[in-house]
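Structure first, then comments.
The values are calculated or read from the model by the stated rules, or taken from the named source; none is laboratory data. This one's a predicted model, so the numbers in the text were calculated from it and none came from an experiment. Neighbour counts run over all protein chains shown; Cβ positions are idealised from the backbone, glycine included. Remember, those area values only see protein heavy atoms, side chains included, never the ligands or the DNA or RNA. Shrake-Rupley method; radii C 1.70, N 1.55, O 1.52, S 1.80 Å.
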Amino acid sequence: MSKTTQLHIGLFGFGTVGEGLYQVLRHTPTLKGEIKKVVIKHPEKTRNAPAGLFTTEAAAILDNDDLNVVVELIDDADAAYHIVKTALQRGKATVSANKKMIAEHLPELLELQRIHNVPFLYESAACASIPVIRNLEEYYDNDLLHGFQGIVNGSTNYILTKIATEGMSFPDALQQAQEAGFAESDPSLDVNGIDAVNKLAILLVHAYGIVSNPQAILHTGIQHLQSADAIVAREKGYVIKLIAQARKLENGKVAAFVMPQFVPTGHLLAPVSNEYNGVIIESSLAENQFFYGKGAGGVATASAVLSDLSALRYGYRYEYKKRYDQAPGELSNDFYLRVYMSFEGVGDVPYSQFAKVEEWSSTGHRSTVTGIVHVSKLLDTSWWQNAQTSVILYPDAILETLPAARETTIQTLPHHFANLKF
Ligand SMILES: NC(=O)c1ccc[n+]([C@@H]2O[C@H](COP(=O)([O-])OP(=O)(O)OC[C@H]3O[C@@H](n4cnc5c(N)ncnc54)[C@H](OP(=O)(O)O)[C@@H]3O)[C@@H](O)[C@H]2O)c1
């Protein structure tokens, strides 16, 4: 594809992002791109575009040799996989925003790009409007990249912000996020941390050349947080954020996970509110760099799709340099995390799961523990994954070795810390 090539675009999906792209493209004549056909699911819906554009037949795009670009913006990951796979097999440059589909099929999607020698871009699939994929891919050399951490899911950040600043209930905040078009069609993907871990899996391939099944990465969301946790956070000078992170360990391997975390109020990520995302990239020469922008929403997400379309015109494609041109990184599950956990009742605290307990307290209704847990005690285990147990990481939670013994503090807390649900 060259700078003079006209982009004849076949678009799948005309929802929040698809319609956003249609509107944005109409105001960007310099791109030399035009949407020629749109495949949707429900033909009966009213659309803000000429009726002749729309069809429910995928073949109208995939079998049409006049269309040189496929943009996939649907909310069905299985159908998206078949669309993207077919488009790549037919040699069409392809753009997608579907992080679930991409994260779950990364090895095959890498192979399809190589075999068919065709570009596949997906900047909007991680942090929507923030160009974090292309920066990790192009700018940071593997050796220099100590790690990255960020708020990568706009809807959970919106919910946490509304709860912390307006005292809104969890269901009300979720409903607002859905109405504003920030939440996934299936909001449990956001709330349970699945969307964030899918994005982390995508970032890992561009940061470290690591291709991992997202399900194998330690993750949880905000679904089990208690309102008492928000009180504890406030008293300690923290805000609670859902953070995705990766860090290079002393042994050269990479620790990666998605967990709620206490973030000090003076930290760069603390003021990242509502649907905004923020990512800090830590490298040895540039030190900390902070990316901030809208992590959800039709036009914001469409802006990243637009940038991919523009990149196609100057022949850009991901080269996956960290995977193919350098020794790819490797994930490690041999490290500890400093955690705050709260449990229902007093008797059921599973002390044997902790490598160290540093603080314990109880209201009589709930018990809280600050301690150190080996990651193997959290991976593939269910003892900490029930509706009454919350887990929040402390800042700088990763420990490669156990710290020296510290006296355990035992405290009984007043009753306003009792079990209040969001
Ligand atoms: N919304 C955001 O802020 C955001 C941010 C980043 C990435 N994304 C990603 O962008 C993608 C689209 O999200 P969205 O929020 O725009 O979703 P959406 O508003 O729910 O719209 C989904 C669109 O997909 C169409 N569709 C569903 N199944 C289809 C099929 N089998 N064939 C053809 N069309 C089909 C629907 O058709 P009908 O209109 O006929 O129902 C609808 O137009 C998702 O992968 C999402 O994860 C969204």
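One line per residue, one yes/no per condition, for (1) open to solvent by less than 10 Å² (accessible area, probe 1.4 Å); (2) touching a helix residue (DSSP H, G or I) at 6+ places or on another chain (Cβ under 8 Å):
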| site | (1), (2) |
| --- | --- |
| G52 | no, no |
| A58 | no, yes |
| D66 | no, no |
| V71 | yes, yes |
| Y81 | no, yes |
| K99 | no, yes |
| A103 | yes, yes |
| A128 | yes, yes |
| N153 | yes, yes |
**OP:** Kindly provide the set of residues from segment 32-44 that are farther than 13 Å from Q6 by Cα and either more than 10 Å from the ligand (Cβ to nearest atom) or touching a residue at least 24 places away in the same chain (Cβ under 8 Å) (or both), ordered by number.
**Re:** K37, V38, V39, I40, K41
**OP:** Evaluate the following for G329: is it in contact with a Cys (Cβ under 9 Å, 6 or more places away or on another chain) and among the small types (G, A, S)?
**Re:** no
**OP:** Sort out which residues of segment 237-270 are open to solvent by less than 20 Å² (accessible area, probe 1.4 Å) and among the polar types (S, T, N, Q), and write them in order of number.
**Re:** Q245, Q261
Original post:
Residue check, S284 against (1) in contact with a Ser or Thr (Cβ under 9 Å, 6 or more places away or on another chain); (2) at pLDDT below 95; (3) away from the ligand (no atom under 16 Å from the Cβ), all met but one. Which one?
Top reply: (1)
Original post:
When you look at N277, is it at pLDDT 95 or above, within 16 Å of the ligand (Cβ to nearest atom) and either touching a Cys at 6+ places or on another chain (Cβ under 7 Å) or closer than 26 Å to R317 by Cβ (or both), yes or no?
Top reply: yes
Original post:
Restricting attention to segment 151-162, does a residue exist that is over 21 Å from V239 (Cβ atoms) and basic (K, R)?
Top reply: no
Original post:
Taking E287, is it more than 28 Å from A228 (Cα to Cα) and without any contact (Cβ under 8 Å) to a residue 12 or more places away in the chain?
Top reply: yes
Original post:
Considering segment 215-226 alone, what residues qualify as being buried (at least 17 other Cβ atoms within 10 Å of the Cβ) and touching a strand residue (DSSP E or B) at 6+ places or on another chain (Cβ under 9 Å)?
Top reply: I217, L218, H219, T220, G221, I222, H224, L225, Q226
**OP:** Determine, yes or no, whether E179 is over 22 Å from Q388 (Cβ atoms), more than 14 Å from the ligand (Cβ to nearest atom) and over 17 Å from the mean Cα position of the chain (by Cα).
**Re:** no
Original post:
Hey, among L200, L204, L174, L136, which residue is away from the ligand (no atom under 14 Å from the Cβ), closer than 24 Å to P395 by Cα and either more than 12 Å from the chain's Cα centre (by Cα) or open to solvent by 30 Å² or more (accessible area, probe 1.4 Å) (or both)?
Top reply: L136
**OP:** Go through the residues of segment 113-120 one by one and say whether even a single one is surrounded by fewer than 23 Cβ atoms within 10 Å (Cβ to Cβ), closer than 23 Å to A228 by Cβ and out of contact with any Gly (no Cβ under 8 Å at 6 or more places or on another chain).
**Re:** no
Subject >> All positions within segment 308-328 that are within 18 Å of L25 (Cβ to Cβ) and touching a helix residue (DSSP H, G or I) at 6+ places or on another chain (Cβ under 7 Å) >> reply: D308, L309, S310
**OP:** Return yes or no: is S273 of a type outside the set (V, I, T), under 26 Å from Q23 (Cβ atoms) and buried (at least 16 other Cβ atoms within 10 Å of the Cβ)?
**Re:** yes
Original post:
Of all residues in segment 45-56, which are away from the ligand (no atom under 11 Å from the Cβ) and part of a loop (DSSP other than H, G, I, E, B)?
Top reply: N48, A49, P50
**OP:** Kindly indicate which of S342, S376, S367 is under 20 Å from Q261 (Cα atoms) and surrounded by fewer than 19 Cβ atoms within 10 Å (Cβ to Cβ).
**Re:** S376
Subject >> Pairs with Cβ under 9 Å, 6+ apart, first in segment 90-111 and within 20 Å of V211 (Cβ to Cβ), second of a type in the set (K, R) >> reply: K99/K199; A103/K199; H105/K85; E108/K85; L109/K85; L110/R323
Subject >> Subset of segment 1-31 (residues that are more than 16 Å from the ligand (Cβ to nearest atom), open to solvent by less than 40 Å² (accessible area, probe 1.4 Å) and of a type outside the set (S, T, N, Q)) >> reply: L7, L31
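Restricting to segment 33-46, name every residue that is among the charged types (D, E, K, R) and either closer than 16 Å to A302 by Cβ or open to solvent by 90 Å² or more (accessible area, probe 1.4 Å) (or both).
E34, K41, E44, K45
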